[in-house]
Each structure stands twice: as structure tokens, then as C-alpha cells.
Amino acid sequence: MKSGMIAAETLFDALSAGDEGGRDLTAYAENFNDSWLYEELYKSRNFGPAMHKFGTILGGAFNFIDQNLFSIPVTLHDDKPDYAEMKLASECPVIEYPKPDGVISFDKSSSVFLSFTNHEENQPCHLKLTDASIPMTSNLQKFAEPAQRFCPAGVYEIVEDDDGSQRFQINSQNCVHCKTCDIKDPAQNITWVTPEGGGGPNYPNM
Ligand code: SF4
């Protein structure tokens, strides 16, 4: 939210200064670097890499010291991109999650409903597959098609047709624009592009 506010303020300044098209927004980087958001993100830069490198206990201790006692003057890096860290489905136990109870846990469609996500009808799908065959021919076998699980909005489904055949379905109208699929798909086959008409989540109660 803060980065969006900085973008709006930068645009406002550009328009107020007579840049009617708002084309020169190079001040955004400087405004971002001067904000509390940059400071906060910089302070927590080691959080993920420390957990990945040292494990939950040592990594947690590292982060506690780094964030609460004194700043450790190193910057850790993850060597592998996140999508390349995914384990094969055959190496993982099948987890049977309890059904949402509607009190403290909720199904995905009720949560998507609360986001007031809306996309104009009949627009091209804004979730592009580089190779439309990969979900069924590769991702399904190797990773049990993980997009079904990592997408928080239930956009990706493996559906069964009347003849028993399975296919990959994209319910793009439910997308809440988190871009997880673009980042996490192990085949790097999904590209999120801006949908038409400014559609997307609205979060009216925030
Ligand atoms: S951007 Fe997020 S909500 Fe949209 S399809 Fe990808 S994972 Fe799902």
C-alpha cells in the first residue's frame, strides 16, 4: 500500500509541475528510498535467506538478533530462485486438510468474494501460458500441478470432463493479482499481464 501511495504522490507531483502525461516519474525511486518503507524492507532483507540457509532455529535466532538486538552487517542471498526450490510431489506426503469451519478458516471462494474482485467480461485471459501443454504434460506428473494450491484464489483447476478426461482450467476472473503464479510456477510458464479495464480486487473494507 505504501509503495502505491508513493507512486500516486510522485505522479501527483509530476502532474502539478506541468508534466501532463506524467511521463517523467524517475523521482519514484528517490521517493521510495527516502521512505520508511525502504528502511523497513532493508532491515528485514535477511529474513528469508537466513531461514533458508540456517533452518528455522538458527535462522530464527539470526533474525531475532539482526532485527531486535543489533543490525548484523551482512546481506544474505538466496542462490536459487524460489520456483526452482519446489520438491517433486513424489517426495512429499499428501496432506489432508480439514474442511474450513466457516469460523476461523474459510474456503477460497468466500475469501475471493470478500476481495470484490471483478474483471470485465469477455476480455482475453490475463494469465498467459507460454506453452499450454505444460500444466498437464509436465507439472501435473512432477508437481501434482501446484498452481491449484499456491494460487490463493482458486484460479487454476484440473477439471474432469464428462468423458473422464482431465484438463487445466484458468478462472481468470477470480484473480486477486498477487502474482504468485508468475513467480512460483516451477516451469516458469505463467506470465501475469495487466488485465483490461482496470479490473481486479477492490478490498472495500480495508
Ligand atoms: S496472480 Fe495470484 S490470484 Fe492471480 S492467478 Fe496468479 S496466483 Fe492466482
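The values are calculated or read from the model by the stated rules, or taken from the named source; none is laboratory data. Computed from a predicted structure; not experimentally measured. Cβ atoms come from the backbone with ideal geometry, glycine included; neighbour counts cover every protein chain shown. The accessibility values were calculated without ligands, DNA or RNA, using every heavy atom of the protein model including side chains. Shrake-Rupley method; radii C 1.70, N 1.55, O 1.52, S 1.80 Å.
What the table shows:
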item	result
Positions within the range 82-94 being open to solvent by 70 Å² or more (accessible area, probe 1.4 Å) and farther than 20 Å from Ala153 by Cβ, in sequence order	Glu85, Lys87, Ser90, Glu91, Pro93, Val94
Any chance Asn202 is more than 8 Å from the ligand (Cβ to nearest atom) and either among the β-branched types (Val, Ile, Thr) or open to solvent by less than 40 Å² (accessible area, probe 1.4 Å) (or both)	no
Evaluation of Thr137 against (1) open to solvent by 80 Å² or more (accessible area, probe 1.4 Å); (2) in contact with a strand residue (DSSP E or B) (Cβ under 9 Å, 6 or more places away or on another chain) (one fails), failing number	(2)
Selection count where residues are assigned to a loop (DSSP other than H, G, I, E, B), more than 7 Å from the ligand (Cβ to nearest atom) and touching a strand residue (DSSP E or B) at 6+ places or on another chain (Cβ under 6 Å), scope the range 179-191	1
Failed criterion for Pro146 (all others in (1) within 21 Å of Asp131 (Cα to Cα); (2) open to solvent by less than 30 Å² (accessible area, probe 1.4 Å); (3) within 10 Å of the ligand (Cβ to nearest atom) hold)	(3)
Tally, over the range 122-131, of residues that are touching a residue at least 12 places away in the same chain (Cβ under 8 Å) and assigned to a loop (DSSP other than H, G, I, E, B)	6
Matching residues in the range 152-178 - criterion: being near the ligand (Cβ under 8 Å from one of its atoms) and not in a loop (DSSP other than H, G, I, E, B)	Tyr156, Ile170, Ser172, Asn174
Residues (open to solvent by less than 50 Å² (accessible area, probe 1.4 Å), assigned to a loop (DSSP other than H, G, I, E, B) and in contact (Cβ under 8 Å) with a residue 12 or more places away in the chain) located in the range 1-60	Ser35, Ser44, Asn46
Inter-residue pairs, beta-carbon under 6 Å, first without any contact (Cβ under 8 Å) to a residue 24 or more places away in the chain and in the range 133-146, second of a type in the set (Lys, Arg) and part of a helix (DSSP H, G or I), 6+ apart	none
Whichever residue in the range 151-169 is open to solvent by less than 40 Å² (accessible area, probe 1.4 Å) and within 18 Å of the chain's Cα centre (by Cα) and, among such residues, is nearest to Ile183 (Cα to Cα)	Cys151
